[in-house]
Amino acid sequence: MNIILFGPQGSGKGTQADFLEKEFKLYHMSMGDELRKEIKNKSAIGKKVEEIMARGELVPSEITNAIALNVYKDNKDKNGIIFDGYPRSEIQWVFAKKNFKIDAAIELDLTEAESIKRIASRRMCPKCGKNYNIITLKPKVAGLCDDDKSKLIQRDDDTPKAIKDRLDIYHSQTEPLKKEYKKLGILYVIDGKQPIEKVHKDILKILKK
């Protein structure tokens with residue numbers, strides 16, 4: 001079972017993907033995490049990606065397509081993959097459709113105002129990479145990671161300008177892919193403003209069909 005999980009920034013894709021990964025034993029491929037690994041490793045690609053992400057722009061498709069293909073090859077014989085943050089453009093979708101079998105494309109729908117509010121509230125642990133949100137997914141102790149007690153930080157690409165730029169890109173490039181998913185009969189839309197638990201239940205209803 002291979003799933004595309006998409007929606008504007010702040011819609012809760014990462015949180016829901018983590019739930020599905022545990023419940024169905026799927027591989028959660030977060031393109032953002034894959035790119036940040038390159039940055040952390042200070043690779044040549046990572047340096048380029050860091051500059052691009054800081055501007056709130058999308059990473060070139062040749063990079064994301066190659067990463068997605070490698071992940072797919074490594075996991076194609078397992079239960080499946082959750083594609084989180086990929087594909088994000090028509091070029092990427094053409095590549096994905098050609099190389100991967102996609103069973104469902106699930107959109108977590110969210111208004112731009114709510115998206116901005118949520119992104120500005122995101123925090124992450126610099127040590128283990130665990131994500132939090134001071135509105136929807138609070139740590140047990142304010143400002144500290146539940147697992148290693150490190151002080152939570154705000155990502156460099158969660159500045160107001162970067163947020164607005166990413167949302168503009170989403171609406172212009174990623175949102176139009178809904179038409180393609182609908183044509184294939186794999187599109188499902190869920191209200192992303194609901195509580196996390198309700199969103200998860202709605203996703204389960206879709207997947208258990």
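A count restricted to the range 12-65 and to residues that are among the hydroxyl-bearing types (Ser, Thr, Tyr) and under 13 Å from Ile82 (Cβ atoms) stands at 3.
A search for C-beta distances below 9 Å between a residue of the range 105-126 that is touching a residue at least 24 places away in the same chain (Cβ under 8 Å) and under 13 Å from Lys164 (Cα atoms) and any residue that is acidic (Asp, Glu) and surrounded by 17 or more Cβ atoms within 10 Å (Cβ to Cβ), counting only pairs 6+ apart in sequence or on different chains, returns Ile119/Asp158; Ala120/Asp158. Within the range 105-133, count every residue that is within 15 Å of the chain's Cα centre (by Cα), surrounded by fewer than 20 Cβ atoms within 10 Å (Cβ to Cβ) and among the small types (Gly, Ala, Ser). Final tally of qualifying residues: 1. The condition (being among the acidic types (Asp, Glu), at pLDDT 90 or above, in contact with a helix residue (DSSP H, G or I) (Cβ under 9 Å, 6 or more places away or on another chain) and surrounded by fewer than 21 Cβ atoms within 10 Å (Cβ to Cβ)) is satisfied by just one residue among Glu50, Glu23, Glu34: Glu23.
Checking the stated criteria, Ile106 turns out not to satisfy the condition of being of a type in the set (Val, Ile, Thr), in a helix (DSSP H, G or I) and out of contact with any Asp or Glu (no Cβ under 7 Å at 6 or more places or on another chain). Against the condition on the phi > 0 side of the Ramachandran plot and of a type outside the set (Asp, Glu), how does Lys178 come out, does it pass? No.
Checked against (1) touching a residue at least 60 places away in the same chain (Cβ under 8 Å); (2) within 22 Å of Asn131 (Cα to Cα), Asn79 passes all but condition (2). When the residues of the range 24-57 are filtered to those that are more than 13 Å from the chain's Cα centre (by Cα) and touching a residue at least 60 places away in the same chain (Cβ under 8 Å), which remaining residue is nearest to Lys208 (Cα to Cα)? Top of the filtered list is Phe24.
The residues listed here are Lys193, Lys101, Lys209; of these, the one that is closer than 21 Å to Ile3 by Cα, in a loop (DSSP other than H, G, I, E, B) and modelled with pLDDT under 85 is Lys209.
So that you can scan it fast, the table gives a plain yes or no per residue for (1) exposed (fewer than 14 other Cβ atoms within 10 Å of the Cβ); (2) polar (S, T, N, Q); (3) more than 19 Å from Lys13 (Cβ to Cβ):
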| position | (1), (2), (3) |
| --- | --- |
| Gly85 | no, no, no |
| Leu144 | no, no, yes |
| Ser150 | no, yes, yes |
| Ser172 | yes, yes, no |
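The values are calculated or read from the model by the stated rules, or taken from the named source; none is laboratory data. Quick caveat, the model's predicted, so the values are computed rather than measured. FYI the Cβ positions are ideal-geometry reconstructions off the backbone, even for glycines, and counts take in every protein chain you see.
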